[in-house]
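Asks: Here it is: the structure, laid out below.
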Amino acid sequence: MNTLRIILFAKAPQAGFAKTRLIPFLGAEGAAELARRMLINTLREACNADIGPVELCVTPNWGNAAWRTIAVPAGVDITEQGEGDLGARMARASERALMKSRRVLLIGTDCVEMKARLLREAANTLRTHDSAIYSTADGGYALLGLTRFAHLIFSDIRWSTATVASETIARINHLGWSLHVGTQLHDVDEPADLALLPKEMVPDALV
């Protein structure tokens, strides 16, 4: 059994599909290019963490042409998110992972602070806690770590709202699981968030 698996949930960096809230500011192509750069950066950091297998869990399916713009490092597993809301997709992936691994880290591509060091830190907390969460300033979360599975923490969550992290924490507490709450992070979803981008990720539309 693997000790830990990182699952990176990603949307194809396709114009009109990725980073839609930034399209009015960057244009469809600019928003898609930013999504591509952020995905590549997060995937690199996940691999550099060197704490276990990395799985890229994608939507839409891997046959989408936009995926051809991503050079996936050797050894990264490719899976598809499948049907249902984000909670259903995350539940399927985490349940599957915990059948083969003792710990799983679920992450997205929106957080530029998602570094290898932070992933190693989160992994270490799961040696002494049932779960870990790193919330974001907008009320969501950028990382959820689990050593146990329960549908409760994914079902009927009001996704893309300011209560996602607090609802998830409340449900973990209801289950009686031990929880590590990590440093608050920041997602890049809105025009004001673009100030958080490191220079190498700034899309050409802003240069």
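Asks: Can you tell me which residue is most open to solvent (accessible area, probe 1.4 Å) among those in segment 1-35 that are farther than 21 Å from residue 130 by Cα and assigned to a strand (DSSP E or B)?
Replies: Out of the qualifying residues, it is 11.
Asks: Here's a follow-up. With the condition kept exactly as written, say whether any residue in segment 119-136 is assigned to a helix (DSSP H, G or I), hydroxyl-bearing (Ser, Thr, Tyr) and farther than 25 Å from residue 12 by Cα.
Replies: Yes; the residues of segment 119-136 include at least one that is assigned to a helix (DSSP H, G or I), hydroxyl-bearing (Ser, Thr, Tyr) and farther than 25 Å from residue 12 by Cα.
Asks: What's the number of the condition residue 189 fails, among (1) at pLDDT below 95; (2) surrounded by fewer than 17 Cβ atoms within 10 Å (Cβ to Cβ); (3) outside any helix (DSSP H, G or I)?
Replies: (2) is the only condition that residue 189 fails.
Asks: Could you list, in sequence order, all residues of segment 36-73 that are in contact with a helix residue (DSSP H, G or I) (Cβ under 9 Å, 6 or more places away or on another chain), within 10 Å of residue 12 (Cα to Cα), open to solvent by less than 50 Å² (accessible area, probe 1.4 Å) and assigned to a helix (DSSP H, G or I)?
Replies: Once the filter is applied, which keeps residues that are in contact with a helix residue (DSSP H, G or I) (Cβ under 9 Å, 6 or more places away or on another chain), within 10 Å of residue 12 (Cα to Cα), open to solvent by less than 50 Å² (accessible area, probe 1.4 Å) and assigned to a helix (DSSP H, G or I), segment 36-73 yields only 66.
Asks: How many residues does segment 143-167 hold that are more than 13 Å from residue 90 (Cα to Cα) and open to solvent by less than 50 Å² (accessible area, probe 1.4 Å)?
Replies: Looking only at that region, the number is 5.
Asks: Does segment 77-96 include one or more residues that are crowded, with 16+ Cβ neighbours inside 10 Å, touching a Pro at 6+ places or on another chain (Cβ under 9 Å) and under 19 Å from residue 146 (Cα atoms)?
Replies: Yes: one or more hits.
Asks: Whether any residue in segment 193-205 is of a type in the set (Val, Ile, Thr), open to solvent by less than 60 Å² (accessible area, probe 1.4 Å) and part of a loop (DSSP other than H, G, I, E, B) is what I want to check.
Replies: Within segment 193-205, one or more residues are of a type in the set (Val, Ile, Thr), open to solvent by less than 60 Å² (accessible area, probe 1.4 Å) and part of a loop (DSSP other than H, G, I, E, B).
Asks: What are the pairs with Cβ atoms under 8 angstrom where one residue, in segment 165-189, is free of Cβ contacts under 8 Å to residues at least 24 places away in the same chain and the other, located anywhere, is open to solvent by 20 Å² or more (accessible area, probe 1.4 Å) and not hydrophobic (A, V, I, L, M, F, W, C)? Sequence gap at least six, or different chains.
Replies: 167/158
Asks: Pick out the one residue from 65, 91 that is farther than 16 Å from residue 47 by Cα, under 17 Å from the mean Cα position of the chain (by Cα) and hydrophobic (A, V, I, L, M, F, W, C).
Replies: Being farther than 16 Å from residue 47 by Cα, under 17 Å from the mean Cα position of the chain (by Cα) and hydrophobic (A, V, I, L, M, F, W, C) holds for just one of 65, 91, which is 91.
The values are calculated or read from the model by the stated rules, or taken from the named source; none is laboratory data. The structure presented is a predicted model; accordingly, all values stated were derived computationally and were not measured. Cβ atoms come from the backbone with ideal geometry, glycine included; neighbour counts cover every protein chain shown. With ligands, DNA and RNA removed, areas are computed over all heavy atoms of the protein, side chains included. Shrake-Rupley method; radii C 1.70, N 1.55, O 1.52, S 1.80 Å.
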